Amino acid sequence: MSVIAKIVGVPSLWLFSLMLLCQSRSFQENHEIPKSEQPWLNTLDNYEKKGFYSNALAFCDSLEAKFRDQEEWENWVKIRYRKLVLSDIYSEMNWSIQAKISYAKETLMFSKLFLNDTSSILGLPLERIGVNFLTINLDSASYYLSLAAKNLSNSAEPVAMINVIRAQGYIHYSQKNHQEAILFYDSARSLAISFDNSPNFLISQIERTLGTLYNFYGDQDAAIAFTREGVDRMLFSEKVLTADDSSTLADYYINLGLFFADKGDYSRATDEIEEGIALLGKLNNDYAMVKARALNSLGSVYLQFKYNSIANQALQQAWFHAENNMVNQSDKKTGAQICTSLSQYYRLEGDYLQANRFLTIAQNLQKEYARDIFSLDLERANLAFDLDQYALTVSELNRIENLIDKGISIPVELQIQVFDLLGEVSLVNHDTIAAISNFNKSLDLCGFISDKDSVSHALIFPNRAYPILLKLIKLYYERDDATALIELLDVINEVFTLQRQEYLAPESKRELQKVIRQIFEIGIDVCLEQYNLSKDDTHLVRCWYLLEKSKQNVLLDASQQKQARQMGGVPVEIIEAEKELSQRLSYYQKVNLVAIKSQDAVKENTSRDYIIRIKNQIDSLNEFISKNHPIYDNLRKIQEPESINTVRSLLDSQTHLVSFLLGKDAVFGCALSQDGLVVKKLNIHPDSVFVISNLLVNSLVNYENPELLNVYCKTAFSFFEELIRPLFSFALPQNLIILPDSYLTNLPWEIVLTKEVSFSESIPDYRHLPYLLKKTNVTYAPSATWLKQVQVLSQNTISEREGEALGFAPVYGSRYSKLRSSYSSVARDSALQKLSASLDELHFLEEHIAGQYFSRNEATWDRFTQEAEAYSIIHLALHGQASFEHPLGGRLAFADSVPGAWQWIDGFELTNQPLTADLVVLSACETGTGAYQEGEGIMSMARIFQAAGAERVVNSLWPANDKATAEIMKSFYQHLTDGKPFEEALGQAKRDYLQYADPSEVHPFYWAAFVGQGPSGMIEVKPARNDQWLYLLSLGVLLAGVVGWYFARRR
């Protein structure tokens, strides 16, 4: 239920809200405020907007004396009121709260003396008295504000009336009456917006408070919307931002970040908070406590998402700013919150001594300002639980639970954590019924609906909800309650789909994927057990579904978006706007990363500011699309994995699809053919797979080390025995499409051995080893759903130059152009080895396949961007470097326009290059490896080309040998032109190399680096013109011979 629904469900609040709205509307109808009531008001407004507060104060003093001498008492009251308002924003006045109250009371006394008691102008000093009492005595504040409201209801002072309603809302907020507070603040905002002269800063402050209130109830969408409005009003107001204003604006960004964190959108959360921190970085040490709060917020977000080391850095900086700067109660509350976060960090790291130390500091600070910090109470309970002090844990939690039962307003997120920890305590006490009850209470607060057919929205606080769901899943699993578990899985699947559609940032989607994979792992295990008991194929199908669902990755999003653009009927302007924003975002993300690497703080802050603005524009565009183009909006969001029957339509009788899931505790394998489905829990632990795969890759790359030969043979055979053989009862098929998972994506499966082999001789015979390559052709894909999507895209996309190739082969010299420097380390930029064999590759293509070919200094990036979209085959014989730091940090070296020079082009630029190619061959080093990301696998250059629209990609997994690469590429293209399908052409090219290469160069290092990604099948190849003439000439000679023979016989 949304917050508004909760509010309107209370009859008394309905009447109260109606009264407030009527009051504010009556005020609006009776008082049309002219834009220029008095010339002196305009002058004063201009001083304040420009930040000339000393001028404004001097002007107020002169007018006060003037109005008093001329006995213009109404204007005298107004100018004194403005002087009081000025004292709140001009710190140089140094007026204490008591001084402000005394000044306002003096103004009220003279007002009554020289004006009648019923004059509406009396509301101005009454409003100031009430507002200033807010920090001293809420009862007194309420009394004076009610008097002010009566007087101002008949006055022409909208700002004062707005302040009164807002202050009354603050009283309810302080008393934890959040629903009433929302009504007051919302009325104040409506009234403020209705008047043209209302200061934008005033409205923005109201919107910030509304954001905080809505977030309290878990309505993050409303919280983000109101706070964003407040940010925009501050940024685009006419007022010049002072240091105080910058501090306030930073606080808005911090709130936005915390709201995004509660929503589970990790990427947006850190973006917003870091923007606030960048603003604060420009301020002096007077704002130390504001900086401390910002850094604590950033650290808390990183803790939520398990980035503990980064969290610790932020929290230590926060404590550095706060430790010696805590002056008032608010400062001490911030200090206590920082210490609570530090205690949580040390507790998670297992350093209970430090955790207890910071918890004690937090408790002492709490005593000094005599207020509860519920998060501190919760941390006390968490620490006691980790130290096995369960009685103390329950005592702390029961205290908070009692407050919840009494109706005390406690943030929803903290309530979720309370019931979650109570569930953990119940598990320790072996009370599973109580544990399930407490976990379900937490999930109810997260907005989780247990009925699959009723799911209509994403979760509140998903970063809290999914770990609790995982505990509940495990609990049902341990109790062997398969029925309850499967029902819960169905609901989680519905919620997960909706949740993922809400996130725009790939980083946030990946964070969500990490948790959901553990849930799917247990789900597959349970469904497999049910199948083994019942032999009901529906359980196997469910296993397939969950396995495929676990592979809903960012690459799949890219192809889904392209498919939607083909089918959704969306205007060209919308598509162009999406592309432009995507390009601008990629550009500034690259600038930001380079700035971080070069420690350019100015450029880092500026680029981050642009990134946030562009993301906000993307949010606005997506909101527009969802309202005005619902078909396109629905199509571009991932729905459900493709069904088994749909995937089977992609396979022929000689092609099987093999999929894996490497979970936390188990490895699952699945083999799908036209007429069969096998799913098995493999007899190997994920940790063992990790060790074996690393040993295998290490033995390949370090091929010159003879001591690794037996390591290779042993691990290669073990891989086959543990991962492939269990899925095939009979002979292996002719073609395999492998959907690897996790770090398995970094391995060429063709090199596994189908028989056990050991060597004793010093010179092994690598040519005759029983490689999997000799039995089957192997290609790869991220998921079966992606395979279907690219097939649909291919059917609806025809390249302008279908069947023709575009080839690039630069010749590298000693000069390096820095026009487009990479995020990768500059130390690797010193020199590039010449690729002599790359020109052979290009000449071979030129002789056999029609197209356009660029070599030497003509093989530039600019030429590529001009030509790439038109061709169905692209061949890039370049230098490549992977990035293990960032998903888009990998790069390719194109020629520069200056002879002998070259330039790096990285993934940030490639990601916005549209392609329609059936095949992209990256004949370059390290194009298939890169940064590993859980839930996604290896983020490589090949992935970037696939996301740009390439249907198939050939890429390398390690630094390839130049000569061997050229031989394999020429053989591969020869088989393609001979009419062989993609998978067979690549497999046969490797077998040819293995058969005919020099014995010293047949180690798998030479031929196994290049692997094929994408669907199997034929690729149209248009022969080169010289081949066509040769063909026609041969045909002519043959015909002439036949004709000659015919006439010879007749004689």
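The values are calculated or read from the model by the stated rules, or taken from the named source; none is laboratory data. The structure displayed is predicted, hence computed values, not measured ones. Positions of Cβ are backbone-derived with ideal geometry, glycine not excepted, and every protein chain shown enters the neighbour counts.
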Taking helices (runs of 4 or more DSSP H) that fall entirely within segment 95-176, which contain at least 1 residues that are without any contact (Cβ under 8 Å) to a residue 60 or more places away in the chain and closer than 21 Å to Ser190 by Cβ? 123-132, 138-152, 158-174
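Would it be correct to say that Glu349 is closer than 17 Å to Met289 by Cβ, out of contact with any Pro (no Cβ under 8 Å at 6 or more places or on another chain) and exposed (fewer than 15 other Cβ atoms within 10 Å of the Cβ)?
Working: closer than 17 Å to Met289 by Cβ: no; out of contact with any Pro (no Cβ under 8 Å at 6 or more places or on another chain): yes; exposed (fewer than 15 other Cβ atoms within 10 Å of the Cβ): yes.
Taking the combined requirement at face value, the residue does not satisfy it.
Among the residues of segment 177-197, write down those that are outside any helix (DSSP H, G or I) and under 14 Å from Thr212 (Cα atoms).
Our first condition is that a residue be outside any helix (DSSP H, G or I); within segment 177-197, this holds for 177, 195-197.
Within segment 177-197, Asn177 is the sole residue that qualifies.
For segment 925-969, how many residues meet the condition of being in a loop (DSSP other than H, G, I, E, B) and over 30 Å from the mean Cα position of the chain (by Cα)? Steps first, answer last, please.
We begin by selecting, within segment 925-969, every residue in a loop (DSSP other than H, G, I, E, B); these are 925-930, 934-936, 940, 949-952, 957-961.
Filter once more, so that each one left must be over 30 Å from the mean Cα position of the chain (by Cα): 959-961.
Count: 3.
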Lone unmet requirement of (1) of a type in the set (A, V, I, L, M, F, W, C); (2) at pLDDT below 85; (3) touching a Lys or Arg at 6+ places or on another chain (Cβ under 9 Å) for Phe236: (3)
Identify the single condition in (1) under 24 Å from Asp69 (Cβ atoms); (2) of a type outside the set (Val, Ile, Thr); (3) within 49 Å of the chain's Cα centre (by Cα); (4) modelled with pLDDT of 80 or more that Met93 does not satisfy, given that it satisfies every other one. (4)
Looking for whichever is among the basic types (Lys, Arg) and modelled with pLDDT of 85 or more here; the options are Lys471, Lys509. Which one fits? Lys471
I'd like to verify a number: residues in segment 422-433 that are part of a helix (DSSP H, G or I) and in contact (Cβ under 8 Å) with a residue 12 or more places away in the chain, how many? 8
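Pick from Leu787, Leu727, Leu793: which is modelled with pLDDT of 90 or more and farther than 30 Å from Leu835 by Cα? Give the derivation first.
Working: Leu787 fails: modelled with pLDDT of 90 or more; Leu793 fails: modelled with pLDDT of 90 or more.
That would be Leu727, the only listed residue that is modelled with pLDDT of 90 or more and farther than 30 Å from Leu835 by Cα.
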Is one or more of the residues making up segment 882-893 modelled with pLDDT of 75 or more, buried (at least 19 other Cβ atoms within 10 Å of the Cβ) and either within 22 Å of Ala1024 (Cβ to Cβ) or not assigned by TED's automatic domain parsing to the domain that holds Asp962 (or both)? no
When segment 469-487 is examined, which residues are found to be buried (at least 21 other Cβ atoms within 10 Å of the Cβ) and in contact (Cβ under 8 Å) with a residue 24 or more places away in the chain? Leu469, Leu472, Ile473, Leu485
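Filter segment 234-248 for residues that are of a type outside the set (S, T, N, Q) and surrounded by fewer than 21 Cβ atoms within 10 Å (Cβ to Cβ) and give the result. So that I can check it myself, show each step before the final result.
Let us first name the residues in segment 234-248 that are of a type outside the set (S, T, N, Q), namely 234-236, 238-241, 243-245.
The answer is Leu235, Phe236, Glu238, Lys239, Val240, Leu241, Ala243, Asp244, Asp245.
Give segment 259-270 a look and list any residue that's in a helix (DSSP H, G or I) and under 10 Å from Ile224 (Cβ atoms), or say none.
Kept after step one, since they are in a helix (DSSP H, G or I), are these residues of segment 259-270: 259-262, 266-270.
Within segment 259-270, Phe259, Phe260, Asp262, Arg268 meet the criteria.
Being among the hydrophobic types (A, V, I, L, M, F, W, C) and free of Cβ contacts under 8 Å to residues at least 40 places away in the same chain is the filter here; which residues of segment 209-240 pass it?
Step one: list which residues in segment 209-240 are among the hydrophobic types (A, V, I, L, M, F, W, C), which gives 210, 213, 216, 222-226, 231, 234-236, 240.
Once the filter is applied, which keeps residues that are among the hydrophobic types (A, V, I, L, M, F, W, C) and free of Cβ contacts under 8 Å to residues at least 40 places away in the same chain, segment 209-240 yields Leu210, Ala223, Ile224, Ala225, Phe226, Val231, Met234, Leu235, Phe236.
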I need a count of the residues in segment 687-708 that are touching a residue at least 12 places away in the same chain (Cβ under 8 Å), among the hydrophobic types (A, V, I, L, M, F, W, C) and surrounded by fewer than 19 Cβ atoms within 10 Å (Cβ to Cβ). 3
Counting only residues that are without any contact (Cβ under 8 Å) to a residue 40 or more places away in the chain and of a type outside the set (Asp, Glu), segment 296-323 contains a total of 17
Candidates Ile449, Ile416, Ile460 - the one that is among the β-branched types (Val, Ile, Thr), in contact with a Phe, Trp or Tyr (Cβ under 8 Å, 6 or more places away or on another chain), touching a residue at least 40 places away in the same chain (Cβ under 8 Å) and under 21 Å from Val515 (Cα atoms): Ile416
Looking at the structure I just gave you, is Asp675 in contact with a Ser or Thr (Cβ under 9 Å, 6 or more places away or on another chain) and in the same structural domain as Leu744 (by TED's automatic domain parsing)? yes
